[in-house]
Amino acid sequence: MPDTTVETLALRVQVSAFAGPTLPPGYAELLREGLGGICLFGPNTEAGEDSVRSLAAEIRAASAEGGWAPVITIDEEGGDVTRLEALTGSSVLGAAALGAADDLALTEETGRAVGLRLARAGINLNLAPVADVNSNPDNPVIATRSFSHDAGVAAKHVAAWVKGLESTGVAACVKHFPGHGDTGQDSHVALPVLDASLDTLRDRELVPFLAAAEAGAASVMTSHIVVPALDPELPGTLSAPVLGLLRELGYDGPIVSDALDMAGASASRGIPAAAVLSLEAGADLLLLGPDKPTSLVHETTAAIVAAVDSGELPLERLQDAVARIDRLLADLTDAQRPDGALDPRFEERSVEGARRALATASDDLSEIPHLAGARVVTVDTEANIAVGDVPWGLPPDIVIRPGDPLPDLPDAPLIVQVRDAHRRPEVGRTVAELPGAVVLVEWGWPGAYDGPGVPRLCPQGFSLPGMAAVTEVLRRSGWNR
(Lines give C-alpha, C1' and ligand atoms only; values in the text may rest on other atoms or scores of the structure.)
Protein backbone atom coordinates (compact mmCIF):
# COMPACT_ATOMS: atom_id res chain seq x y z
CA MET A 1 0.00 0.00 0.00
CA PRO A 2 1.48 3.45 -0.88
CA ASP A 3 2.43 5.79 1.94
CA THR A 4 -0.13 8.25 3.20
CA THR A 5 1.93 11.27 4.21
CA VAL A 6 0.18 14.61 4.38
CA GLU A 7 1.80 15.50 1.05
CA THR A 8 0.32 12.37 -0.50
CA LEU A 9 -3.11 13.07 0.95
CA ALA A 10 -2.92 16.61 -0.41
CA LEU A 11 -2.24 15.23 -3.88
CA ARG A 12 -5.01 12.64 -3.65
CA VAL A 13 -7.71 15.30 -3.37
CA GLN A 14 -6.65 17.15 -6.53
CA VAL A 15 -7.76 16.68 -10.14
CA SER A 16 -5.88 18.79 -12.65
CA ALA A 17 -5.68 19.10 -16.44
CA PHE A 18 -3.12 19.67 -19.18
CA ALA A 19 -3.24 20.53 -22.85
CA GLY A 20 -2.86 18.00 -25.63
CA PRO A 21 -3.69 14.36 -26.40
CA THR A 22 -0.71 12.75 -24.59
CA LEU A 23 0.34 12.61 -20.95
CA PRO A 24 3.16 15.08 -20.19
CA PRO A 25 6.08 13.64 -18.19
CA GLY A 26 5.50 16.05 -15.31
CA TYR A 27 1.92 14.89 -14.93
CA ALA A 28 2.95 11.24 -15.20
CA GLU A 29 5.26 11.82 -12.24
CA LEU A 30 2.51 13.54 -10.25
CA LEU A 31 0.19 10.60 -10.88
CA ARG A 32 2.86 8.20 -9.63
CA GLU A 33 3.19 10.36 -6.52
CA GLY A 34 -0.58 10.19 -5.87
CA LEU A 35 -2.34 12.94 -7.85
CA GLY A 36 -6.04 12.15 -7.57
CA GLY A 37 -6.81 12.29 -11.26
CA ILE A 38 -7.12 14.14 -14.52
CA CYS A 39 -10.00 16.08 -16.04
CA LEU A 40 -10.16 15.96 -19.83
CA PHE A 41 -11.11 19.04 -21.84
CA GLY A 42 -11.40 19.85 -25.54
CA PRO A 43 -7.64 20.02 -26.22
CA ASN A 44 -7.30 16.46 -24.87
CA THR A 45 -10.07 15.00 -27.04
CA GLU A 46 -9.72 16.65 -30.45
CA ALA A 47 -7.82 13.69 -31.94
CA GLY A 48 -10.83 11.39 -31.50
CA GLU A 49 -12.08 8.63 -29.26
CA ASP A 50 -9.22 6.20 -29.92
CA SER A 51 -6.76 8.87 -28.85
CA VAL A 52 -8.77 9.55 -25.68
CA ARG A 53 -8.78 5.83 -24.89
CA SER A 54 -4.99 5.74 -25.26
CA LEU A 55 -4.59 8.81 -23.06
CA ALA A 56 -6.81 7.32 -20.36
CA ALA A 57 -4.68 4.16 -20.45
CA GLU A 58 -1.54 6.28 -20.01
CA ILE A 59 -3.11 8.00 -17.00
CA ARG A 60 -4.11 4.71 -15.39
CA ALA A 61 -0.69 3.17 -16.01
CA ALA A 62 1.14 6.11 -14.43
CA SER A 63 -1.11 6.00 -11.35
CA ALA A 64 -0.73 2.24 -11.09
CA GLU A 65 3.06 2.60 -10.92
CA GLY A 66 2.53 4.46 -7.66
CA GLY A 67 -0.09 2.00 -6.44
CA TRP A 68 -3.08 4.26 -7.08
CA ALA A 69 -6.29 4.29 -9.08
CA PRO A 70 -7.05 7.65 -10.74
CA VAL A 71 -10.23 9.58 -11.29
CA ILE A 72 -10.52 10.28 -15.04
CA THR A 73 -13.27 12.77 -15.60
CA ILE A 74 -14.86 14.93 -18.27
CA ASP A 75 -17.85 17.24 -18.94
CA GLU A 76 -20.08 15.18 -21.25
CA GLU A 77 -23.60 16.50 -20.74
CA GLY A 78 -24.85 15.88 -24.26
CA GLY A 79 -26.46 18.58 -26.37
CA ASP A 80 -24.60 21.86 -26.19
CA VAL A 81 -21.86 20.61 -23.85
CA THR A 82 -19.76 17.86 -25.34
CA ARG A 83 -16.04 17.12 -25.28
CA LEU A 84 -15.91 13.76 -27.05
CA GLU A 85 -17.99 15.06 -29.97
CA ALA A 86 -16.69 18.62 -29.97
CA LEU A 87 -15.81 18.53 -33.68
CA THR A 88 -19.18 17.29 -34.92
CA GLY A 89 -21.78 18.23 -32.32
CA SER A 90 -23.41 15.87 -29.86
CA SER A 91 -25.18 12.80 -31.17
CA VAL A 92 -27.57 12.86 -28.18
CA LEU A 93 -30.18 15.37 -27.09
CA GLY A 94 -29.26 17.87 -24.43
CA ALA A 95 -31.10 18.38 -21.17
CA ALA A 96 -33.58 21.09 -22.19
CA ALA A 97 -34.75 19.12 -25.23
CA LEU A 98 -35.09 15.95 -23.15
CA GLY A 99 -37.07 17.77 -20.49
CA ALA A 100 -39.36 19.26 -23.13
CA ALA A 101 -39.86 15.89 -24.86
CA ASP A 102 -40.67 14.49 -21.39
CA ASP A 103 -39.96 10.86 -22.22
CA LEU A 104 -38.21 9.42 -19.17
CA ALA A 105 -37.25 6.23 -21.00
CA LEU A 106 -35.51 8.32 -23.67
CA THR A 107 -33.75 10.40 -21.00
CA GLU A 108 -32.52 7.27 -19.24
CA GLU A 109 -31.32 5.75 -22.52
CA THR A 110 -29.55 9.02 -23.35
CA GLY A 111 -27.64 8.86 -20.07
CA ARG A 112 -26.81 5.27 -20.89
CA ALA A 113 -25.58 6.21 -24.38
CA VAL A 114 -23.26 8.81 -22.88
CA GLY A 115 -22.04 6.32 -20.29
CA LEU A 116 -21.24 3.66 -22.87
CA ARG A 117 -19.19 6.16 -24.88
CA LEU A 118 -17.29 7.25 -21.77
CA ALA A 119 -16.71 3.68 -20.61
CA ARG A 120 -15.25 2.80 -24.02
CA ALA A 121 -12.91 5.78 -23.69
CA GLY A 122 -11.74 4.74 -20.21
CA ILE A 123 -13.41 7.61 -18.35
CA ASN A 124 -14.89 6.76 -14.95
CA LEU A 125 -16.51 10.01 -13.70
CA ASN A 126 -18.79 12.26 -15.73
CA LEU A 127 -19.33 15.84 -14.54
CA ALA A 128 -23.01 15.60 -15.42
CA PRO A 129 -25.96 15.88 -15.41
CA VAL A 130 -26.93 19.47 -14.63
CA ALA A 131 -29.48 19.50 -11.81
CA ASP A 132 -30.01 23.27 -11.87
CA VAL A 133 -33.57 24.54 -12.35
CA ASN A 134 -33.30 27.24 -15.02
CA SER A 135 -35.90 29.52 -13.47
CA ASN A 136 -34.13 32.66 -14.74
CA PRO A 137 -34.52 32.76 -18.56
CA ASP A 138 -31.65 35.26 -18.77
CA ASN A 139 -29.21 32.83 -17.15
CA PRO A 140 -26.04 33.11 -19.29
CA VAL A 141 -24.40 29.81 -18.33
CA ILE A 142 -27.08 27.20 -17.47
CA ALA A 143 -29.92 27.73 -19.98
CA THR A 144 -30.34 24.65 -22.24
CA ARG A 145 -28.02 22.63 -19.98
CA SER A 146 -30.98 22.44 -17.56
CA PHE A 147 -33.80 19.95 -18.00
CA SER A 148 -36.45 22.53 -17.16
CA HIS A 149 -37.53 25.74 -15.44
CA ASP A 150 -39.85 23.49 -13.40
CA ALA A 151 -38.26 21.74 -10.40
CA GLY A 152 -40.43 18.64 -10.65
CA VAL A 153 -39.71 18.10 -14.34
CA ALA A 154 -35.99 18.69 -13.80
CA ALA A 155 -35.93 16.28 -10.86
CA LYS A 156 -37.44 13.29 -12.64
CA HIS A 157 -35.20 13.72 -15.69
CA VAL A 158 -32.06 14.19 -13.60
CA ALA A 159 -32.85 10.92 -11.83
CA ALA A 160 -33.49 9.09 -15.11
CA TRP A 161 -30.28 10.39 -16.72
CA VAL A 162 -28.23 9.42 -13.64
CA LYS A 163 -29.74 5.94 -13.69
CA GLY A 164 -28.86 5.47 -17.35
CA LEU A 165 -25.32 6.79 -16.99
CA GLU A 166 -24.48 4.75 -13.92
CA SER A 167 -25.88 1.55 -15.46
CA THR A 168 -22.65 1.56 -17.51
CA GLY A 169 -20.37 1.75 -14.48
CA VAL A 170 -19.53 5.43 -15.02
CA ALA A 171 -20.15 7.63 -11.98
CA ALA A 172 -22.35 10.71 -12.19
CA CYS A 173 -21.51 14.08 -10.68
CA VAL A 174 -24.69 16.17 -10.53
CA LYS A 175 -24.18 19.92 -10.52
CA HIS A 176 -24.10 22.78 -9.44
CA PHE A 177 -25.17 22.54 -5.76
CA PRO A 178 -27.20 24.19 -4.28
CA GLY A 179 -28.48 25.40 -7.67
CA HIS A 180 -27.15 27.84 -10.30
CA GLY A 181 -30.39 28.23 -12.26
CA ASP A 182 -31.81 31.45 -10.81
CA THR A 183 -28.73 33.58 -11.45
CA GLY A 184 -27.95 36.24 -14.04
CA GLN A 185 -24.15 35.92 -14.14
CA ASP A 186 -21.63 33.28 -15.18
CA SER A 187 -19.48 32.04 -12.29
CA HIS A 188 -16.61 31.46 -14.72
CA VAL A 189 -16.13 35.22 -14.87
CA ALA A 190 -18.08 36.67 -11.90
CA LEU A 191 -19.50 35.79 -8.48
CA PRO A 192 -23.27 35.34 -8.92
CA VAL A 193 -25.72 35.72 -6.04
CA LEU A 194 -28.76 33.49 -5.59
CA ASP A 195 -31.08 35.69 -3.55
CA ALA A 196 -33.65 33.08 -2.56
CA SER A 197 -35.15 32.17 0.79
CA LEU A 198 -34.56 28.81 2.45
CA ASP A 199 -38.13 27.83 1.64
CA THR A 200 -37.56 28.62 -2.04
CA LEU A 201 -34.33 26.65 -2.03
CA ARG A 202 -36.09 23.62 -0.56
CA ASP A 203 -39.08 23.89 -2.88
CA ARG A 204 -37.08 24.54 -6.07
CA GLU A 205 -33.27 24.33 -6.13
CA LEU A 206 -32.83 21.29 -3.90
CA VAL A 207 -35.56 19.13 -5.44
CA PRO A 208 -33.47 17.73 -8.36
CA PHE A 209 -30.48 17.11 -6.07
CA LEU A 210 -32.64 15.06 -3.73
CA ALA A 211 -33.95 13.09 -6.71
CA ALA A 212 -30.38 12.49 -7.90
CA ALA A 213 -29.34 11.21 -4.47
CA GLU A 214 -32.32 8.84 -4.39
CA ALA A 215 -31.30 7.61 -7.86
CA GLY A 216 -27.85 6.74 -6.52
CA ALA A 217 -25.77 9.60 -7.91
CA ALA A 218 -22.16 8.90 -6.95
CA SER A 219 -21.04 12.50 -6.44
CA VAL A 220 -22.23 16.12 -6.39
CA MET A 221 -20.47 19.23 -7.70
CA THR A 222 -20.53 22.57 -5.92
CA SER A 223 -21.28 25.99 -7.43
CA HIS A 224 -19.34 29.22 -7.09
CA ILE A 225 -22.37 31.30 -6.15
CA VAL A 226 -23.23 33.18 -2.98
CA VAL A 227 -26.48 32.11 -1.32
CA PRO A 228 -27.16 34.74 1.37
CA ALA A 229 -29.86 32.61 3.01
CA LEU A 230 -27.11 30.10 3.86
CA ASP A 231 -23.88 32.15 3.84
CA PRO A 232 -23.81 35.87 3.00
CA GLU A 233 -20.07 35.95 2.32
CA LEU A 234 -18.53 32.84 0.78
CA PRO A 235 -19.49 31.07 -2.46
CA GLY A 236 -20.95 27.60 -2.08
CA THR A 237 -17.71 25.83 -3.00
CA LEU A 238 -15.98 27.47 -0.02
CA SER A 239 -18.92 27.57 2.39
CA ALA A 240 -19.35 25.13 5.28
CA PRO A 241 -23.07 26.00 5.71
CA VAL A 242 -23.77 25.33 2.02
CA LEU A 243 -21.87 22.05 1.87
CA GLY A 244 -23.17 21.08 5.29
CA LEU A 245 -26.69 21.37 3.90
CA LEU A 246 -25.80 18.73 1.32
CA ARG A 247 -24.75 16.34 4.07
CA GLU A 248 -27.93 17.18 6.03
CA LEU A 249 -29.93 16.06 3.01
CA GLY A 250 -28.46 12.59 3.51
CA TYR A 251 -25.86 12.60 0.76
CA ASP A 252 -22.68 10.75 1.80
CA GLY A 253 -20.61 10.52 -1.41
CA PRO A 254 -17.74 12.76 -2.49
CA ILE A 255 -18.38 16.46 -2.89
CA VAL A 256 -16.54 17.71 -5.99
CA SER A 257 -15.60 21.37 -6.39
CA ASP A 258 -16.35 23.15 -9.62
CA ALA A 259 -13.12 24.29 -11.27
CA LEU A 260 -11.21 26.44 -8.80
CA ASP A 261 -9.67 28.64 -11.50
CA MET A 262 -13.11 30.17 -12.10
CA ALA A 263 -13.51 33.76 -10.96
CA GLY A 264 -16.33 32.88 -8.58
CA ALA A 265 -13.94 30.76 -6.50
CA SER A 266 -10.46 32.23 -6.76
CA ALA A 267 -10.42 35.70 -8.33
CA SER A 268 -9.78 37.41 -5.00
CA ARG A 269 -7.66 34.73 -3.29
CA GLY A 270 -5.88 32.46 -5.78
CA ILE A 271 -6.36 28.77 -6.48
CA PRO A 272 -4.24 27.28 -3.63
CA ALA A 273 -6.06 29.36 -0.99
CA ALA A 274 -9.42 28.48 -2.54
CA ALA A 275 -8.45 24.79 -2.40
CA VAL A 276 -7.77 24.99 1.34
CA LEU A 277 -11.02 26.84 2.03
CA SER A 278 -12.99 24.32 -0.03
CA LEU A 279 -11.54 21.38 1.89
CA GLU A 280 -12.27 23.14 5.18
CA ALA A 281 -15.86 23.68 4.05
CA GLY A 282 -16.35 19.98 3.30
CA ALA A 283 -15.38 19.40 -0.33
CA ASP A 284 -13.48 16.19 -1.07
CA LEU A 285 -12.23 16.34 -4.66
CA LEU A 286 -10.83 19.59 -6.03
CA LEU A 287 -10.88 20.43 -9.74
CA LEU A 288 -8.16 22.93 -10.59
CA GLY A 289 -9.28 23.84 -14.12
CA PRO A 290 -8.06 23.28 -17.70
CA ASP A 291 -4.53 23.55 -19.10
CA LYS A 292 -2.71 23.92 -15.79
CA PRO A 293 1.07 23.65 -15.24
CA THR A 294 2.38 21.07 -12.80
CA SER A 295 3.65 23.95 -10.69
CA LEU A 296 0.05 24.78 -9.72
CA VAL A 297 -0.45 21.27 -8.36
CA HIS A 298 2.74 21.62 -6.31
CA GLU A 299 1.65 25.06 -5.03
CA THR A 300 -1.78 23.73 -4.08
CA THR A 301 -0.23 20.72 -2.36
CA ALA A 302 2.07 23.01 -0.37
CA ALA A 303 -0.86 25.21 0.68
CA ILE A 304 -2.87 22.20 1.90
CA VAL A 305 0.12 20.80 3.82
CA ALA A 306 0.79 24.20 5.41
CA ALA A 307 -2.86 24.46 6.44
CA VAL A 308 -2.67 21.05 8.12
CA ASP A 309 0.61 21.94 9.84
CA SER A 310 -0.85 25.21 11.17
CA GLY A 311 -4.06 23.57 12.38
CA GLU A 312 -6.19 25.59 9.96
CA LEU A 313 -7.21 22.38 8.18
CA PRO A 314 -7.67 19.39 10.50
CA LEU A 315 -5.81 16.32 9.32
CA GLU A 316 -8.98 14.30 9.94
CA ARG A 317 -10.88 16.43 7.38
CA LEU A 318 -8.22 15.71 4.75
CA GLN A 319 -8.24 12.00 5.59
CA ASP A 320 -12.04 11.94 5.38
CA ALA A 321 -11.92 13.51 1.91
CA VAL A 322 -9.44 10.92 0.66
CA ALA A 323 -11.51 8.10 2.19
CA ARG A 324 -14.59 9.24 0.25
CA ILE A 325 -12.59 9.37 -2.99
CA ASP A 326 -11.15 5.91 -2.35
CA ARG A 327 -14.64 4.51 -1.71
CA LEU A 328 -15.82 5.98 -5.01
CA LEU A 329 -12.88 4.45 -6.87
CA ALA A 330 -13.44 1.10 -5.16
CA ASP A 331 -17.05 1.14 -6.30
CA LEU A 332 -15.92 1.85 -9.86
CA THR A 333 -13.31 -0.91 -9.99
CA ASP A 334 -14.31 -3.44 -12.65
CA ALA A 335 -17.74 -1.80 -12.81
CA GLN A 336 -17.52 -0.30 -16.28
CA ARG A 337 -19.51 -2.03 -18.99
CA PRO A 338 -18.39 -0.52 -22.31
CA ASP A 339 -19.87 -3.34 -24.42
CA GLY A 340 -23.49 -2.87 -23.40
CA ALA A 341 -26.07 -2.42 -26.12
CA LEU A 342 -28.42 0.48 -26.69
CA ASP A 343 -32.01 0.23 -27.79
CA PRO A 344 -31.65 -0.32 -31.58
CA ARG A 345 -34.19 2.46 -32.10
CA PHE A 346 -32.29 4.94 -29.95
CA GLU A 347 -31.29 7.27 -32.80
CA GLU A 348 -34.81 7.22 -34.21
CA ARG A 349 -36.31 7.81 -30.77
CA SER A 350 -33.90 10.73 -30.23
CA VAL A 351 -35.15 12.43 -33.39
CA GLU A 352 -38.73 11.76 -32.28
CA GLY A 353 -37.89 13.42 -28.97
CA ALA A 354 -36.34 16.34 -30.82
CA ARG A 355 -39.57 16.76 -32.80
CA ARG A 356 -41.58 16.89 -29.57
CA ALA A 357 -39.17 19.39 -28.01
CA LEU A 358 -39.42 21.54 -31.12
CA ALA A 359 -43.22 21.45 -31.05
CA THR A 360 -43.45 22.53 -27.39
CA ALA A 361 -41.69 25.88 -27.83
CA SER A 362 -41.93 26.84 -31.51
CA ASP A 363 -44.45 29.10 -33.20
CA ASP A 364 -47.22 27.67 -35.38
CA LEU A 365 -45.25 25.68 -37.96
CA SER A 366 -48.01 26.22 -40.53
CA GLU A 367 -46.97 29.89 -40.67
CA ILE A 368 -43.57 29.12 -42.19
CA PRO A 369 -43.55 30.48 -45.77
CA HIS A 370 -42.30 28.61 -48.82
CA LEU A 371 -38.54 28.20 -48.53
CA ALA A 372 -37.44 27.13 -52.00
CA GLY A 373 -33.99 28.61 -52.61
CA ALA A 374 -33.67 29.86 -49.02
CA ARG A 375 -30.21 30.56 -47.64
CA VAL A 376 -29.07 30.05 -44.06
CA VAL A 377 -27.65 33.03 -42.18
CA THR A 378 -25.91 32.50 -38.84
CA VAL A 379 -25.83 35.44 -36.46
CA ASP A 380 -22.71 34.31 -34.65
CA THR A 381 -22.27 35.00 -30.94
CA GLU A 382 -19.69 33.75 -28.48
CA ALA A 383 -20.70 30.71 -26.48
CA ASN A 384 -20.33 30.61 -22.72
CA ILE A 385 -17.16 28.96 -21.43
CA ALA A 386 -18.95 25.75 -20.40
CA VAL A 387 -20.15 25.17 -23.96
CA GLY A 388 -16.97 26.31 -25.66
CA ASP A 389 -16.20 26.61 -29.35
CA VAL A 390 -18.20 23.71 -30.80
CA PRO A 391 -20.41 23.44 -33.89
CA TRP A 392 -23.99 24.63 -33.65
CA GLY A 393 -26.83 25.17 -36.06
CA LEU A 394 -27.43 24.29 -39.68
CA PRO A 395 -24.42 24.60 -41.98
CA PRO A 396 -24.57 28.31 -42.89
CA ASP A 397 -24.32 30.01 -46.24
CA ILE A 398 -23.53 33.35 -44.61
CA VAL A 399 -22.10 34.20 -41.18
CA ILE A 400 -22.44 37.65 -39.66
CA ARG A 401 -21.54 39.12 -36.29
CA PRO A 402 -23.84 41.54 -34.48
CA GLY A 403 -22.68 45.08 -35.07
CA ASP A 404 -20.57 44.29 -38.13
CA PRO A 405 -21.54 45.76 -41.52
CA LEU A 406 -23.89 43.48 -43.38
CA PRO A 407 -22.44 41.67 -46.41
CA ASP A 408 -24.20 41.60 -49.75
CA LEU A 409 -27.19 39.36 -49.21
CA PRO A 410 -28.82 37.14 -51.84
CA ASP A 411 -32.24 37.96 -53.20
CA ALA A 412 -33.73 34.90 -51.51
CA PRO A 413 -35.62 33.97 -48.34
CA LEU A 414 -33.31 33.85 -45.32
CA ILE A 415 -33.40 31.21 -42.60
CA VAL A 416 -31.73 33.07 -39.72
CA GLN A 417 -30.28 31.11 -36.80
CA VAL A 418 -29.31 32.56 -33.44
CA ARG A 419 -28.54 31.61 -29.84
CA ASP A 420 -30.29 33.21 -26.85
CA ALA A 421 -31.63 36.17 -28.81
CA HIS A 422 -34.02 37.00 -25.97
CA ARG A 423 -31.11 38.13 -23.78
CA ARG A 424 -28.95 39.60 -26.56
CA PRO A 425 -30.56 42.81 -27.88
CA GLU A 426 -27.79 43.18 -30.45
CA VAL A 427 -28.88 39.93 -32.08
CA GLY A 428 -32.46 41.17 -32.44
CA ARG A 429 -31.22 44.40 -34.00
CA THR A 430 -29.14 42.44 -36.49
CA VAL A 431 -32.05 40.18 -37.40
CA ALA A 432 -34.22 43.26 -37.95
CA GLU A 433 -31.71 44.51 -40.54
CA LEU A 434 -32.13 41.37 -42.66
CA PRO A 435 -35.00 42.16 -45.05
CA GLY A 436 -35.14 38.62 -46.39
CA ALA A 437 -35.54 36.95 -42.97
CA VAL A 438 -38.58 34.67 -43.04
CA VAL A 439 -37.78 32.07 -40.34
CA LEU A 440 -35.80 32.36 -37.11
CA VAL A 441 -34.20 29.23 -35.61
CA GLU A 442 -33.42 29.82 -31.93
CA TRP A 443 -30.90 27.21 -30.77
CA GLY A 444 -30.65 28.60 -27.24
CA TRP A 445 -33.13 28.89 -24.39
CA PRO A 446 -36.55 29.77 -25.85
CA GLY A 447 -37.10 32.96 -23.85
CA ALA A 448 -39.57 35.71 -24.74
CA TYR A 449 -38.33 37.46 -27.88
CA ASP A 450 -39.50 40.82 -29.22
CA GLY A 451 -37.59 40.85 -32.50
CA PRO A 452 -38.99 40.78 -36.04
CA GLY A 453 -42.31 38.95 -36.26
CA VAL A 454 -41.28 35.89 -38.24
CA PRO A 455 -42.03 32.26 -37.30
CA ARG A 456 -39.58 30.95 -34.71
CA LEU A 457 -38.34 27.37 -34.33
CA CYS A 458 -36.97 26.46 -30.90
CA PRO A 459 -35.22 23.06 -30.72
CA GLN A 460 -34.06 23.88 -27.16
CA GLY A 461 -30.35 23.39 -27.58
CA PHE A 462 -28.14 22.08 -30.35
CA SER A 463 -27.60 18.40 -31.10
CA LEU A 464 -27.51 16.27 -34.21
CA PRO A 465 -31.02 14.85 -33.53
CA GLY A 466 -32.23 18.42 -33.01
CA MET A 467 -30.69 19.49 -36.30
CA ALA A 468 -32.43 16.57 -38.03
CA ALA A 469 -35.80 17.65 -36.60
CA VAL A 470 -35.32 21.27 -37.68
CA THR A 471 -34.22 20.18 -41.15
CA GLU A 472 -37.39 18.07 -41.53
CA VAL A 473 -39.60 21.07 -40.73
CA LEU A 474 -37.78 23.35 -43.15
CA ARG A 475 -37.87 20.79 -45.95
CA ARG A 476 -41.61 20.38 -45.52
CA SER A 477 -41.79 24.09 -46.37
CA GLY A 478 -39.79 23.61 -49.57
CA TRP A 479 -36.21 24.14 -48.40
CA ASN A 480 -34.25 22.10 -50.89
CA ARG A 481 -30.69 22.02 -49.65
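The values are calculated or read from the model by the stated rules, or taken from the named source; none is laboratory data. Note that the structure is predicted; figures quoted are calculated from it, not measured. For neighbour counting, all protein chains shown are included, and Cβ atoms are generated from backbone atoms with ideal geometry for every residue, glycine included. Please note that ligands, DNA and RNA were not included when accessible areas were found on the heavy atoms of the full protein model with its side chains. Shrake-Rupley method; radii C 1.70, N 1.55, O 1.52, S 1.80 Å.
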Original post:
Given I142, T430, L318, which one lies farthest toward the positive end of the charge dipole of the chain, if we put +1 on the Cβ of every Lys and Arg and -1 on the Cβ of every Asp and Glu?
Top reply: T430
Subject >> Tilt relative to the chain, helix 294-310 - C-alpha long axis, 0 to 90 degrees, to 10 >> reply: 50
Original post:
Once segment 181-340 is represented by equal point scatterers at the alpha-carbon sites, with solvent omitted, what log10 I(q)/I(0) does the Debye formula produce at q = 0.10 Å⁻¹?
Top reply: -0.38
**OP:** Just the number, please: percent antiparallel of the DSSP beta bridges in the chain, rounded to the nearest 5.
**Re:** 5
Original post:
Taking Cα centroids, how far is segment 435-459 from segment 357-391 in Å?
Top reply: 7
Original post:
S187: net charge of surrounding residues, Cβ under 12 Å, Lys/Arg +1, Asp/Glu -1, itself excluded?
Top reply: -3
Subject >> For the chain, Kirkwood radius (reciprocal of mean inverse C-alpha pair distance, Å) >> reply: 22.8
Subject >> segment 134-189-segment 399-428 distance, computed between alpha-carbon centres (Å) >> reply: 30
Original post:
Once the principal axes of the Cα atoms of segment 284-382 are found, what is the range along each, listed largest first in whole angstroms?
Top reply: 73, 37, 24
Original post:
Under the Karplus relation 6.51 cos²θ - 1.76 cosθ + 1.60, θ = phi - 60°, what is the ordered set of whole-Hz ³J(HN,Hα) values for segment 389-402, x standing for Gly and Pro?
Top reply: 8, 10, x, 8, x, 5, x, x, 8, 9, 10, 10, 10, x
Original post:
If you average 1/r over all unlike Cα pairs in segment 1-135 and invert the result, what Kirkwood radius do you get in angstrom?
Top reply: 15.9
Original post:
Among residues other than P435 whose Cβ falls under 15 Å from its Cβ, what is the net charge (Lys/Arg +1, Asp/Glu -1)?
Top reply: -1
**OP:** Could you go through segment 54-70 in sequence order and give the Karplus-derived ³J(HN,Hα) for each residue, using 6.51 cos²θ - 1.76 cosθ + 1.60 with θ = phi - 60°, rounded to whole Hz, and x for Gly and Pro?
**Re:** 5, 5, 4, 5, 4, 5, 5, 5, 5, 4, 4, 4, x, x, 10, 10, x
Original post:
Once Lys and Arg get +1 and Asp and Glu get -1 on their Cβ, which of G37, L125, G26 lies farthest toward the positive end of the dipole of segment 1-150?
Top reply: G26
Subject >> When segment 165-214 is reduced to its Cα atoms, the Kirkwood hydrodynamic radius in Å >> reply: 12.5
Original post:
Rg and Dmax of segment 357-481, Cα atoms, in Å?
Top reply: 13.3, 37
Original post:
Could you give me the ³J(HN,Hα) list for segment 352-367, computed from phi with Karplus coefficients 6.51, -1.76, 1.60 and θ = phi - 60°, whole Hz, x at Gly and Pro?
Top reply: 4, x, 5, 4, 5, 4, 4, 5, 6, 10, 7, 6, 4, 5, 6, 7
Original post:
Which number comes out as Rg/Rh for segment 115-191 once both Rg and the Kirkwood Rh are worked out on C-alpha atoms?
Top reply: 1.03
**OP:** Enter the Cα centre distance for the pair segment 289-316 and segment 1-69, rounded to the nearest angstrom.
**Re:** 17
**OP:** Measure off, as a whole percent, the carbon and sulfur share of the 1.4 Å-probe accessible area of the chain, all protein chains present.
**Re:** 51
Subject >> Built amide H within the under 5 Å cut-off of A196, gap 5+ >> reply: A229
**OP:** Hey, can you grab everything whose amide H is under 5 Å from the amide H of I74? Only 5+ residues off in sequence or another chain; H modelled, so Pro and N-termini drop out.
**Re:** L40, L125, L127
Subject >> Neighbour-limited loop hits for GluC sites (Glu not before Pro), segment 238-341 (at most 15 other Cβ within 10 Å; DSSP other than H, G, I, E, B) >> reply: E312
Subject >> Estimated 222 nm signal from helices in the chain, with DSSP H stretches of n ≥ 4 weighted -39500 (n - 2.57), rounded to 500 >> reply: -11500 deg cm²/dmol
Subject >> Nearest 10 degrees, 0 to 90: helix 464-476 Cα axis against the chain principal axis >> reply: 0
Subject >> Nonlocal amide H pairs with F18, under 5 Å, H built at 1.01 Å >> reply: D291, K292
